[in-house]
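Notes follow once the structure below has been shown.
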There are 2 protein chains.
Amino acid sequence: MEDTYKIILDEKDIPKRWYNIQADFPQELEPPVHPATLRPLEPSDMKAIFPDPIIEQEISRERWIDIPAEVLDILKIWRPTPLVRARRLEKFLDTPAKIYFKNESVSPPGSHKPNTAIAQAYYNKISGTGRLTTETGAGQWGSSLAFACGYFGIECVIYMVKVSYEQKPYRRGMMKTWGGTVYASPSERTQAGRKILAADPNSQGSLGIAISEAVEDAVTSTNTKYSLGSVANHVVLHQSIIGLEAKKQMAMAGDYPDVVIGCHGGGSNFAGISFPFLSDNITEGKTTRFVAAEPSACPTLTAGEFVYDFGDTVGMTPLYKMYSLGHSFMPSGIHAGGLRYHGASPLVSSALKHKQIEAMALQQMECFDAAVTFARTEGIIPAPETSHAIRAAIIEANKCRETGESKTILFNLSGHGHVDMFSYEKYFSGEMEDFQLPGEEIQKALAGLPLRA
Amino acid sequence: MEDTYKIILDEKDIPKRWYNIQADFPQELEPPVHPATLRPLEPSDMKAIFPDPIIEQEISRERWIDIPAEVLDILKIWRPTPLVRARRLEKFLDTPAKIYFKNESVSPPGSHKPNTAIAQAYYNKISGTGRLTTETGAGQWGSSLAFACGYFGIECVIYMVKVSYEQKPYRRGMMKTWGGTVYASPSERTQAGRKILAADPNSQGSLGIAISEAVEDAVTSTNTKYSLGSVANHVVLHQSIIGLEAKKQMAMAGDYPDVVIGCHGGGSNFAGISFPFLSDNITEGKTTRFVAAEPSACPTLTAGEFVYDFGDTVGMTPLYKMYSLGHSFMPSGIHAGGLRYHGASPLVSSALKHKQIEAMALQQMECFDAAVTFARTEGIIPAPETSHAIRAAIIEANKCRETGESKTILFNLSGHGHVDMFSYEKYFSGEMEDFQLPGEEIQKALAGLPLRA
């Protein structure tokens, strides 16, 4: 493959089944608990917000779950995505390491998010849902769900974190172009929003608050369900298509990763690229390392606790056993808006707790440095979120330069930064800064959780 | 191919030679003339702004010109680009027509422009150029040249039309990310800019003014050349890779176009998709139609005259025999900034004059309607410029619905609209309007041209 950069699968080789790591975990997952009773959640408790097929996937232990033909048909608009050998980055770093990236930025909304948005819109459609609500931070998820709902004739209502609503008008425009309706959160439309605004009329919002609003809207409106863009088991399942494709492509390249890297916000893109390879560690004794790269300003995996916590800020969702900074933790206004979440996927959390994966916290400035290096070598301008994965890959490649080892590094290029140029401008103008680990705030936010271990 | 949407070439099947339609034109091209002497331009007259290999390509009559390996190697970052069968758009239009589009939006800068930017940066590099100047309107070209110069260690200086500089900060950010330096034009850096500002301190600029500034900077600075993003013969040559790839892909699909469509600003993307097919009309007696889709507010091909005119506003460039609205014509502030140019490629102009191609003028609103239809069917949000090609394709497809003919329509998806969401917002907010044909202004601008036929 000496001359080749992109390793391209045929459309016919798109995986036809999702991979569910719950079938292979040697450990047991602790069940979510009901926010009112604090007893294990019954599947039927989720009916108010999710359609039955999604609930089935949320709790399934089946190893393989068929991807419906209707979903595959739409995924084909941009899938299979390229696997790219980053030869120019390798050369620039003067590393003996081989660096590959899976380019999920080629979807129309620009990230991995539509992999699950299409599936969720489909299952809602066949279950009779007419309207879907969701939250969005940086806007990647909201635009992906608007894009997906359009294909199934479902109305899409998006609560967008206010600071992003104001700073990212382009993402707002994308959601409208695909037919979505966008509200700045906190809004006056929900009790949760009004409560936050009463306490702080200038609230800039957070992902946790927007989730509270979207869930409340779903449970109080007719024919409406809620859709979640990360964290949940079914989202992790849908994102497995990334790693499944990457495995086929690595085999085409005659290679296999020593290290797999993804940026980490809620966990779905990291799990998407990692879990199909982690399966080989568990079932075949492979020894690949998996590195979740998160921001130092919101260090859920590296500084959070493994506790039961709510998924949202107000406390409407079930409690999940996960790494958390506390649901009232308010992360600094870093530019990787998609990584500003207090919790983490229960599946990723369990894998970290059982040392099947690692985590690494990175500062904002070193990530933008990495992003610019990547843009000037591999051409693509990455999303600020994605820059964390790139920075972690560069750290691993630099280690190889020191040791002389020719390791194979694979990272997920989860999204492009075309609508994040505002953040790049801040970086170039010298107005961007790093944040210190918010230790005390984390302890305050974790204190008093109902089921703290 | 029933199940397939994307028709993907292998990297090894990227064309290795560019196609030069000058070899096949039955008509003679009238030569450019010197702005001072009004005599035919000598190749040596171009040495102040172009390196020798570019001048050779500008005047070459060779049918095929080899693409250097160093250029191919960088084109592989995003090439070959997909050819897509737009089955969802066909279904939405309920047309018996088959619609294909060539997706040039997948390049890192988001358009077809880097096809020539990479080639021009390469030829300048091997000719010893250390610094390249250029102009940009919407920013697609400037970001492409910044992207290209980075790979060859050439300093890139971009004069960006002031109205776009202010309205499109994201494009500015992209140019910086790839290492370019951007100035709002008219600027105080050049005599041309100062002259315009003295007459109108609030001048919002135009492509013609920015060209004047970039050319002046090149001829008055050391080790500096100028680079042009459209219009010129060598640019049209480099863009032939679009049509050459599309021909291979149409053959893979077992199809051949009855109509080929591109939007038209300076002519390079239209020529890029069209000329390799037009070759078959000329040499093999095929009867494909070619439609250049331009904005009604800047109707160079449909309302301009075929005259000798300057390429820039101030009158520093040679005069070219081309369709022109007059070099002093100032187009309305339409949102397709890349189509606001008074002139047209001499090659495209000659083809139109000799009825080898057709042109069509379209209103802004109908093009945005088409863009939203396209985004909601095929997923991709197109650039406002590109929306003209989509609108023309829809017009052709609707004709097929009326006649029942199953024609094959191919258009060039020249760029995405990720950094044009400002314009989409205007469209959704109802603040956008159409413009009338600026007939009197055109007559005024054409009056008094030195060599008017």
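The values are calculated or read from the model by the stated rules, or taken from the named source; none is laboratory data. Bear in mind the structure is a predicted one, so any value in this text is a computation, not a measurement. Cβ sites come from the backbone with ideal geometry, for glycine too, and all protein chains shown count toward neighbours. The accessibility values were calculated without ligands, DNA or RNA, using every heavy atom of the protein model including side chains. Shrake-Rupley method; radii C 1.70, N 1.55, O 1.52, S 1.80 Å.
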Item to complete: Using only alpha carbon pairs under 8 Å that are at least six residues apart, calculate the relative contact order of chain B and give it in whole percent.
Response: 19
Discussion item. Can you say what percent of the DSSP beta bridges in the protein assembly as shown, counting only those with both residues inside, are antiparallel? Round to 5.
Written reply: 35
Fill in: Reduced Cα scattering model of chain A, Debye log10 I(q)/I(0), q = 0.08 Å⁻¹
-0.40
Worksheet entry | Nearest-first distances (nm) between copies at B:K426, label 7 Å from Cα via Cβ | 2.7
Worksheet, complete the sentence: Rounded to whole Å², per residue accessible area for chain B with a 1.4 Å probe reads 33
Discussion item. Would you report the distance distribution of C-alpha pairs in the protein assembly as shown as whole percents per 20 angstrom bin, up to the bin with the largest distance?
Written reply: 15, 47, 30, 7, 0
Fill in: Calculated from backbone phi, Karplus (6.51, -1.76, 1.60) coupling profile of the range B:62-68 in Hz, x at Gly/Pro
5, 5, 10, 10, 4, 8, x
Discussion item. Placing one identical point scatterer on every Cα of the range B:242-306 and ignoring solvent, what is log10 I(q)/I(0) from the Debye formula at q = 0.20, 0.24 Å⁻¹?
Written reply: -0.81, -1.02
Discussion item. If I take the rotation axis that carries chain A onto chain B, which residue of chain A has the nearest beta-carbon, and at how many angstrom?
Written reply: A:H418, 2
Item to complete: Report, for B:T181, each distance to the same residue's label point in the other copies, shortest first and in nm; define the point 7 Å along Cα→Cβ.
Response: 5.1
Worksheet item: Got a sec? What order do B:R79, B:R189 fall in by accessible area at 1.4 Å, biggest, i.e. largest, first?
Response: B:R189, B:R79
Discussion item. I need the semi-axes of the equivalent ellipsoid of the range B:3-61: take the C-alpha gyration tensor, multiply each eigenvalue by 5, square-root it, list largest first in whole angstrom.
Written reply: 36, 15, 10
Item to complete: Quick one: work out the % antiparallel among DSSP beta bridges in the range B:199-331, nearest 5.
Response: 55
Fill in: D_trans [Stokes-Einstein, Kirkwood Rh over alpha-carbon pairs] for the range B:1-147, 4 °C, 1.567 mPa s, µm² s⁻¹
71
Discussion item. Angle check, please: helix A:364-377 long axis (alpha carbons) against the longest principal axis of chain A (alpha carbons), in degrees 0 to 90, nearest 10.
Written reply: 50
Discussion item. I'd like the orientation of helix A:233-252 relative to chain A: the angle between its Cα long axis and the longest Cα principal axis, in ° from 0 to 90, rounded to 10.
Written reply: 10
Worksheet item: Among rounded, prolate and oblate, which fits the range B:170-295 when a ≥ b ≥ c are the square roots of the eigenvalues of its C-alpha gyration tensor, a/c under 1.5 means rounded, and a/b larger than b/c means prolate?
Response: prolate
Worksheet, complete the sentence: Scattering profile of the range B:68-220 from the Debye formula, Cα beads only, expressed as log10 I(q)/I(0) at q = 0.11, 0.18 Å⁻¹, is -0.51, -0.99
Item to complete: Please express the Cα-Cα pair-distance distribution P(r) of the range B:212-351 as a list of whole percents, one per 5 Å bin, running from 0 to the bin with the greatest distance.
Response: 2, 10, 17, 21, 18, 14, 9, 6, 3, 1, 0
Worksheet item: What's the center-to-center distance, using Cα atoms, between the range B:341-418 and the range A:415-453 in Å?
Response: 44
Worksheet item: Hey, what angle do you get for helix B:207-220 against the long axis of chain B, alpha-carbon based, 0 to 90 degrees rounded to 10?
Response: 50
Practice prompt. Over the range B:296-453, calculate the relative contact order: mean separation of alpha carbon pairs under 8 Å at least 6 apart, over the residue count, as a percent.
Written response: 28
Item to complete: For the range B:339-348, just list the computed ³J(HN,Hα) in residue order, Karplus coefficients 6.51, -1.76 and 1.60, θ = phi - 60°, integers in Hz, with x standing in for Gly and Pro.
Response: 9, 8, 10, 6, x, 7, 3, x, 5, 5
Discussion item. Probe radius 1.4 Å, ligands and nucleic acids left out: can you give me the accessible area buried at the B-A interface, summed over both chains, in Å² to the nearest hundred?
Written reply: 3700
Discussion item. List the residues of the range A:1-48 for which accessible area in the full set of protein chains is at least 40 Å² lower than for the chain on its own; 1.4 Å probe, protein heavy atoms only.
Written reply: A:Y5, A:K6, A:E11
Worksheet item: For chain A, what is the calculated [θ] at 222 nm in deg cm²/dmol (nearest 500), taking -39500 (n - 2.57) for each run of four or more DSSP H residues and dividing by its residue count?
Response: -12500 deg cm²/dmol
Worksheet entry | Value of D in µm² per second that Stokes-Einstein yields for the range A:179-235, Kirkwood Rh from Cα pairs, at 10 °C (1.306 mPa s) | 130
Worksheet item: Residues of the range A:372-390 with accessible area at least 30 Å² lower in the all-protein-chain context than alone (1.4 Å probe)?
Response: A:R376, A:G379, A:I381
Practice prompt. State the Cα centre-to-centre distance between the range A:17-95 and the range A:243-302 in whole Å.
Written response: 14
Worksheet item: Roughly speaking, what % of Cα-Cα pairs in the range A:301-444 are separated by over 26 Å, rounded to a whole number?
Response: 34
Practice prompt. For an R0 of 30 angstrom, estimate the FRET efficiency from the Cβ-Cβ distance between A:R189 and A:H34 and round to the nearest 0.05.
Written response: 0.75
Response to the item:
Per the beta carbon screen (other Cys under 4.7 Å), unpartnered cysteines of chain B come out as B:C263, B:C298, B:C367, B:C400
Worksheet item: What whole number of Å gives the distance from the Cα centroid of the range B:318-336 to the Cα centroid of the range A:324-339?
Response: 51
Worksheet item: Which parts of the range B:223-265 would a label at B:E155 reach, counting a residue when its backbone N lies under 17 Å from a point 7 Å out along Cα-to-Cβ?
Response: B:223-227
Worksheet entry | Taking only Cα atoms of the range A:126-179, radius of gyration then Dmax in Å | 11.0, 36
Worksheet entry | Filtered trypsin sites (Lys or Arg not before Pro), the range B:292-380: DSSP coil and at most 12 other beta carbons within 10 Å | B:K355
Response to the item:
So the carbon and sulfur contribution to the accessible area of the protein assembly as shown, 1.4 Å probe, in percent, is 49
Item to complete: State, to one decimal in nm, how far the label point of A:M252 lies from the label point of B:A48, with both points 7 Å from Cα in the Cβ direction.
Response: 5.1
Fill in: Calculated label separations, A:E155, copies of the chain, 7 Å along the beta-carbon direction, nm
5.8
Worksheet item: What share of the DSSP beta bridges in chain A is antiparallel, in percent to the nearest 5?
Response: 35
Worksheet entry | In Hz, Karplus ³J(HN,Hα) per residue of the range B:35-40 (6.51, -1.76, 1.60; θ = phi - 60°; x = Gly, Pro) | x, 8, 8, 6, 9, x
Practice prompt. Grab the beta carbon distance between A:K399 and B:L451, set R0 = 56 Å, and tell me the FRET efficiency rounded to 0.05.
Written response: 0.25
Discussion item. So if I take the alpha carbon set of the range A:373-436, get Rg, then get Rh from the Kirkwood formula, what is the Rg over Rh ratio?
Written reply: 1.03
